[in-house]
Number of protein chains: 2
Amino acid sequence: MNKIITISREYGAGGHSIGKGVAEALGIPFYDRDIVRETAKASGFDPELIEDEGEDISKTDSILKSICSASSTYYRDTQEAIHDVQKAIILRFAQAGPCVILGRCADEILREVGIESINVFIHADDVHRAVRVSELIGSTNATEIQRMMAKKDSSRHTYYSRYTGKKWGDSKNYHLTLDSGALGYDLCVKLITEVAQAAE
Amino acid sequence: MNKIITISREYGAGGHSIGKGVAEALGIPFYDRDIVRETAKASGFDPELIEDEGEDISKTDSILKSICSASSTYYRDTQEAIHDVQKAIILRFAQAGPCVILGRCADEILREVGIESINVFIHADDVHRAVRVSELIGSTNATEIQRMMAKKDSSRHTYYSRYTGKKWGDSKNYHLTLDSGALGYDLCVKLITEVAQAAE
């Protein structure tokens, strides 16, 4: 195992904060959705295209085909093409050295090409998540919070199942899963950091 | 959270060794299947009855009914009565103070009565498990090892689902799940011990 750490997470479970904390503790880069998007942009891809891979983006299909280097390949749909763009970017990050990568099925992308990584899943109970989501979306409307949690989880679940053929959140797919609600973010950062340090 | 730690585990993933290591590190008692059985025996229950709750033990049904203090209660079958005996013993252990309890759906038994615990699941890949199972059963016959792993996992899965209504090994049910094959037993002991110490 090396120091590439992938973090999958439920919405509102603090995966972003924890991943960032681990990267800081280890002094290595942290790549989240924004960074993947920015890198895609810098590479010539329209950032709009990877804004939300769960959305209907058929309108951008022709643009994507025109800029994608693998345009000769048959794509089941645009979402698949976007996944391939993200995959290439994630592989570039991983090949550059130790880092923390959030989401995007990074665990499976690296496994496919034989790059070892420490794969982590972060979850939490609904109460802890609701408090965090309330902060994230700036709302105290319970229905809205609940809808947002369900929507985001469903989208991540579908995305993971589609590209890995595995069950999102099944402990078998990860080296370490943590309940950030019960353990607290700081302890989660400490435990993941230790696992990474032990792998040196 | 207090220092009662429950450990669920796949067969051959080292849950027993890891649980024992955690108990030693924390200086607290470790209760495995043997100790639950011995305690039942000392309490007047026939140890044969809880030898293997997956077995057909209908022949012992009348004996059990005659000794079980809750004999007036309707039992769906003998397995359920045995589960109740084990439950009473586990509650007695937990009420006596901090400890590590292996298997027996201890996580759910404690949750039901409102006793907080740190719930851990230990799993490993087939190669690491096969090596361990080979040692445990003293055989290098691959078919036998494979059959044993499938049988034990299926039995634990069924038992957990039946008494908790939840999915065995689903990360949502545990505070911490660990891949002992990739991480190694020593690191697993260290991480669980830290979680327990942080809960002080």
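Computed from the coordinates by the stated procedures, all read-outs in this text should not be read as laboratory data. All values derive from a computational prediction rather than experimental measurement. All Cβ positions, even for glycine, are placed from backbone atoms using ideal geometry, and neighbour counts span all protein chains on display.
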Dimensions (Å) - segment A:90-200, Cα atoms, principal axes, largest first: 44, 31, 25
Subset of B:K20/B:K87; A:K20/A:K152; A:K151/B:K190; B:K3/B:K152 violating a 25 Å alpha-carbon distance limit: A:K151/B:K190; B:K3/B:K152
HN-Hα J in Hz across segment B:163-169 - Karplus 6.51, -1.76, 1.60, θ = phi - 60°, x for Gly and Pro: 8, 10, x, 10, 8, 4, x
Computed Kirkwood radius, in angstrom, where 1/r is averaged over Cα pairs of segment A:137-188: 13.2 Å
Segment B:161-199 and segment A:78-129: distance between their alpha carbon centers, rounded to Å: 23 Å
Hits among lysines - C-alpha to C-alpha of A:K166 under 17 Å, sequence gap 8 or more where chains match: B:K167, B:K172
Nm distances between copies for B:S161, ranked from closest, using label points 7 Å along Cα→Cβ: 1.7
Calculated label separations, B:G27, copies of the chain, 7 Å along the beta-carbon direction, nm: 3.6
